[in-house]
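Reading through the structure tokens given below for one structure.
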Amino acid sequence: MKKLVKYLKEGVNASEVKAADEKVRAIVEGTLSDIEKRGNAAVRELSKKFDNWDRDDYRLTQAEINRCLSDLTRQQIADIEFAQEQVRNFAQIQKAALRDVEVETIPGVILGHKNIAIQNAGCYVPGGKYPMLASAHMSVLTASVAGVPRIITCAPPHQGKPSSVIVAAQHMAGADEIYALGGIQAVGAMALGTETIQPVDILVGPGNAFVAEAKRQLYGRVGIDLFAGPTETMVIADETVDAEICATDLLGQAEHGPDSPAVLLTTSEKLARETMEEIERLLQILPTAGHARKAWDVYGQVIVADDHDEMLKIANDIASEHVQVMTDRDDWYLENMVNYGALFLGPRTNVAYGDKTIGTNHTLPTKKAGRYTGGLWVGKFIKTHTYQKVLTDEASAKVGRYCSRLCMLEGFQGHAEQANIRVRRYGGQNVPYAEGATPLAGADLVEG
């Protein structure tokens with residue numbers, strides 16, 4: 001019997017999303033090309049145009065950084081220190097799980113890998129609508145724990161000047177260079193370099209649709225952490241929780257911006273309808289309702305499924321960035337969900353904890369990228385490089401015989417001869433060839 005799924009509210013359709021993405025793609029492509037051609041001049045024009053922010057050098061001086069620090073109260077500094085300690089601690093735990101390895105796989109053959117930190121990281125911290133200082137913890141501090149020797153960071157000005165709280169967080173997290181730049185111009189300058197900004201090797205950090213698209217187009221020129229576009233949230237709930245907590249958790253993320261999807265997935269139509277009513281009530285009093293209302297009206301969804309199995313299937317298909325699970329079987333979802341950015345299990349936790357203070361990283365995959373990647377973590381700043389050593393003549397000759405024959409199966413005679421010369425030199429005997437074979441006929445090498 002086919003299970004039932006009821007959509008009490010549907011979001012924008014796929015064709016509209018695609019059309020919007022195409023417009024963003026064209027704008028970003030032209031902008032990045034301009035930055036590559038004209039460097040600082042293009043960056044300055046863009047900063048004036050989009051942020052009304054103009055200066056000769058967008059890198060903040062130590063005096064400016066100190067002024068930003070002095071703007072904060074002792075309590076604000078202590079709060080940032082608490083959040084950064086949680087992020088640092090979890091990043092250090094993650095790093096400890098990464099080990100260099102070296103093992104003798106067969107007698108005389110040593111294989112291994114080394115974990116090496118990326119040398120230059122560019123961290124983007126959003127700050128146009130809200131001064132998202134937490135993104136400095138998530139990117140700069142995590143890169144620092146990974147051992148990246150040069151970490152630069154960009155954040156747009158907030159209300160006409162560098163955001164003191166963002167700058168303080170960037171500095172306290174360990175940034176080596178701090179720039180007051182936002183948007184495509186910031187991402188492009190970090191990746192492509194200008195007359196005054198040395199390019200980086202990897203770009204990380206969340207941002208709006210233009211920042212996410214810029215990272216996508218720059219991928220290959222530099223590495224990126226993941227495609228982290230506008231915030232997405234999903235609440236999976238059953239009758240064990242009430243409408244107030246569901247509505248609060250949905251709108252708490254929808255306030256990020258007018259293009260932030262928020263989805264309620266439930267087995268209870270009663271809870272679904274009550275949550276929709278509660279959302280309308282909260283939108284009358286929420287100070288950020290201007291953004292949250294647009295996001296909910298255009299991208300919000302309410303889905304009623306027949307049972308938990310069907311909810312699991314829908315959730316894995318949507319692959320939301322944040323998934324808040326409040327059911328009578330939260331650990332069952334932990335065991336069975338495979339596509340998501342991060343899980344928040346039970347009503348005692350929530351996405352805001354992960355965003356701001358609890359210690360997990362809040363830079364997470366969006367637009368279904370959770371199907372193939374997790375979020376930003378210390379390992380994103382570390383490259384794993386393999387190596388090999390062959391210690392004995394016997395091992396080289398043994399591997400060489402197999403390698404030679406397999407190369408010839410593929411038609412790679414030059415590859416085969418790389419193996420053959422080792423067999424002849426280290427095999428301890430003259431390895432015969434089949435009658436009429438050339439010295440390159442690796443497939444004719446016999447065991448010896």
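The values are calculated or read from the model by the stated rules, or taken from the named source; none is laboratory data. Predicted, not measured: the structure shown is a model, and the values here were computed from it. Every residue, glycine among them, receives a Cβ derived from its backbone with ideal geometry; neighbour counts consider all protein chains shown. For accessibility, only protein heavy atoms count, side chains too; no ligands or nucleic acids. Shrake-Rupley method; radii C 1.70, N 1.55, O 1.52, S 1.80 Å.
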I'd like the Kirkwood hydrodynamic radius of segment 286-363, using the inverse of the mean 1/r over distinct C-alpha pairs, in Å. 14.0 Å
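Are there trypsin sites (Lys or Arg not before Pro) in segment 78-121 that DSSP puts in a loop and that have at most 16 other Cβ atoms within 10 Å, and which ones?
Working: sites: Arg88, Lys95, Arg99, Lys114; in loops: Arg99.
Those satisfying the criteria are Arg99.
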At q = 0.17 Å⁻¹, what is the log10 ratio I(q)/I(0) for segment 1-101, with the Debye formula run over Cα points and no solvent? -0.96
Give me the one-decimal Kirkwood hydrodynamic radius in Å for segment 212-316, with the sum taken over alpha-carbon pairs. 14.7 Å
Spatially proximal lysines relative to Lys6 (Cα-Cα < 30 Å; intrachain offsets below 8 disregarded): Lys18, Lys270, Lys294, Lys313, Lys367, Lys368
Where Tyr179, Tyr219, Tyr353 fall by accessible area, highest first, once all protein chains stay in place (1.4 Å): Tyr219, Tyr353, Tyr179
Give the range of the longest stretch in the chain that excludes all GluC sites (Glu not before Pro) found in loop regions by DSSP and having at most 14 other beta-carbon atoms within 10 Å. 240-434
Can you compute the modelled spin-label distance between Arg221 and Lys114, with each label point 7 Å from Cα toward Cβ, in nm? 3.0 nm
Tally Lys/Arg at +1 and Asp/Glu at -1 over every other residue whose Cβ is under 11 Å from the Cβ of Lys48; what's the total? 0
Cα gyration tensor, segment 170-214 - rounded (a/c under 1.5), prolate or oblate: oblate
Where does segment 105-182 land on Rg(C-alpha)/(2.2 N^0.38 Å)? 1.49
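Starting from the alpha-carbon convex hull of the chain, give the projected area averaged over all orientations, in nm². Don't skip to the end; give the middle numbers.
Details: hull surface 116.0 nm².
Orientation-averaged projected area of the Cα hull: 29.0 nm².
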Per residue, how many Å² of accessible area does the chain show with a 1.4 Å probe? 49 Å²
Reported to the nearest 10 Å², Lys270 has, with a 1.4 Å probe, an accessible area equal to 140 Å²
With every protein chain in place, the chain: carbon and sulfur % of accessible area (1.4 Å): 52 percent
Compute the FRET efficiency between Trp332 and Arg55 as 1/(1 + (r/R0)^6), taking r as their Cβ-Cβ distance and R0 = 56 Å, and round to the nearest 0.05. 0.55
Theoretical ellipticity at 222 nm over the chain - DSSP helices of four or more residues, -39500 (n - 2.57) apiece, nearest 500: -14000 deg cm²/dmol
